[in-house]
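Some notes on the structure that comes next.
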Amino acid sequence: MKPYKEMTREELLAEKAAGEARYQALKAKGLKLDMSRGKPSKAQLDLSNGMMDCLNSDSDMTCESGVDCRNYGIMDGIPEARRLLADMSEVPEKDILIYGNSSLNVMFDTVARAMSMGVCGHTPWGLLEKVKFLCPVPGYDRHFGITEFFGIEMINVPLLPTGPDMDMVEQLVANDPLIKGIWCVPKYSNPTGISYSDETVLRFAHLKPAAPDFRIFWDNAYSIHHLYDDDQDVILELLTEAKKAGNEDIVYKFISTSKVTFPGSGIAAFAASEANLADARRALFYQTIGHDKLNQLRHVRFFKDMDGIREHMKKQAAILRPKFEAVTEGLERELGGLEIGSWTKPKGGYFISFDALDGCAKKIVAKAKEAGVTMTGAGATYPYGKDPKDSNIRIAPSFPTPEELTAATEIFVLSVKLVSLEKYLTVK
């Protein structure tokens, strides 16, 4: 089929009538489908059920350092959990702290600590007249939610196929001491699925910010979430490269098992330089006497080592891969050649990013919702929920069953077509 922009008004009206008939038929089914968040499906969660059997009332609950995990202690995390999460983070064990169930919570705490205590002896951000953060867009809505919560001014930075626009990042941080950080999802980025190039990572490692308390918030949420065994993105390890550059204090690195085992019941970790870890421990000393060591022990006994995690993630990929392929194949089949949208084809992660015609995203999401498909709100991938082009939509294929996904994709592409047709018909 030829592009909509090349069709006559009569052809557009005919296409709209056919699309509207299909849409109304699907709407009449009363479907309730959720593609709004990157939640693991039941099949994925079932893969971790064995972890519930790793500890029982007869188990030895002593970790390798001899501490009874049922009791207080070990603020940094049990040694075997630190080693496992360090391997997952590609850093030495000495560079990591184990926290609670969620890396999002660790990131929130890290910003809160900077606001109240400052970073490594510098003025607390909360005492400054203004604090700014760089936000690669489209990006992760919950990152932006944290900085918005604390009243931090967010600055959009375009996310390119190689990562954030580093020319812009370098210029901004070098000239504005009020810029204190940048959000990054460096591998299989949320929502585009792109991974940062080696050049981008090296430029981050060599950043020379005007603010001595500037930090890169490196959220490694999808570092092991590959869709393919034989076609995987590999990126440089930032903390290692920053150490080589004599710039190791610039990095805060976060990771968790939230989408590896059970969301809400995983273990999270914070990797950083010795100075940054010491700074974090100052607050942890008053915050906790130790996080959930039994959960740490369960994870270690279930996976045993990094090879165990890799095998587990292959099983996850076998569930996710056909879902991602079903969506991208549906988009290509129904929208290919119409020139009314573009989309990413990620090799990993949890999302597909779709760019509609300018000014159409909110209408498309509303149209899909009317027919029973809930999607992430249009604009959510930008700070303050404001997409300047109103074009980006995040698609989350993980949670629906394959059958539900087929129906949801059909409703979505029909919504894209109908809203796009309305846009063209207003000018023809």
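Taken together, Leu335, Leu320 contain a single residue that is surrounded by 16 or more Cβ atoms within 10 Å (Cβ to Cβ), over 27 Å from Leu239 (Cβ atoms) and touching a strand residue (DSSP E or B) at 6+ places or on another chain (Cβ under 7 Å), which is Leu335.
Residue check: Thr200 meets all listed conditions (1) open to solvent by less than 30 Å² (accessible area, probe 1.4 Å); (2) over 24 Å from Ile146 (Cα atoms); (3) touching a residue at least 60 places away in the same chain (Cβ under 8 Å); (4) not small (Gly, Ala, Ser) but one, namely (3).
For (1) out of contact with any helix residue (DSSP H, G or I) (no Cβ under 9 Å at 6 or more places or on another chain); (2) in a helix (DSSP H, G or I); (3) closer than 24 Å to Gln316 by Cα; (4) open to solvent by 10 Å² or more (accessible area, probe 1.4 Å), each residue gets a yes or a no:
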site	(1), (2), (3), (4)
Gln44	no, yes, yes, no
Met51	no, yes, yes, no
Ser65	no, no, no, yes
Gly77	no, no, no, no
Met88	no, yes, yes, no
Leu97	no, no, no, no
Met107	no, yes, no, no
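In the set Met166, Met154, which member is of a type outside the set (Ser, Thr, Tyr), closer than 21 Å to Thr376 by Cβ and touching a helix residue (DSSP H, G or I) at 6+ places or on another chain (Cβ under 6 Å)? Steps first, please.
Details: Met166 fails: closer than 21 Å to Thr376 by Cβ.
Step by step, each of Met166, Met154 is checked, and only Met154 is of a type outside the set (Ser, Thr, Tyr), closer than 21 Å to Thr376 by Cβ and touching a helix residue (DSSP H, G or I) at 6+ places or on another chain (Cβ under 6 Å).
Applying a threshold of 6 Å to beta carbon distances and a minimum spacing of six or more residues, or different chains, the list of pairs starting in region 381-406 at a residue that is on the phi < 0 side of the Ramachandran plot and ending at one that is aromatic (Phe, Trp, Tyr) and surrounded by 22 or more Cβ atoms within 10 Å (Cβ to Cβ) reads Pro383/Phe144; Ile393/Phe354; Arg394/Phe351; Ile395/Phe354; Ala396/Phe351; Pro397/Phe324; Ser398/Tyr350. If you go through region 260-313 and keep only what is open to solvent by 10 Å² or more (accessible area, probe 1.4 Å), out of contact with any Phe, Trp or Tyr (no Cβ under 7 Å at 6 or more places or on another chain), farther than 17 Å from Glu93 by Cα and part of a loop (DSSP other than H, G, I, E, B), you end up with Phe262, Pro263, Gly264, Ser265, Thr288, Asp292.
Would you mind finding the one in Lys180, Lys187 that is buried (at least 16 other Cβ atoms within 10 Å of the Cβ), of a type in the set (Lys, Arg) and closer than 24 Å to His226 by Cβ? I'd like the intermediate steps shown before the answer.
Values: Lys180 fails: closer than 24 Å to His226 by Cβ.
Among Lys180, Lys187, only Lys187 is buried (at least 16 other Cβ atoms within 10 Å of the Cβ), of a type in the set (Lys, Arg) and closer than 24 Å to His226 by Cβ.
The values are calculated or read from the model by the stated rules, or taken from the named source; none is laboratory data. Quantities reported herein were computed from a predicted structural model and do not represent experimental measurements. Cβ coordinates were reconstructed from backbone atoms using ideal geometry, including for glycine residues, and neighbour counts include every protein chain displayed. When the accessible area is computed, the model is the full protein with side chains, heavy atoms only, and any ligands, DNA or RNA have been set aside. Shrake-Rupley method; radii C 1.70, N 1.55, O 1.52, S 1.80 Å.
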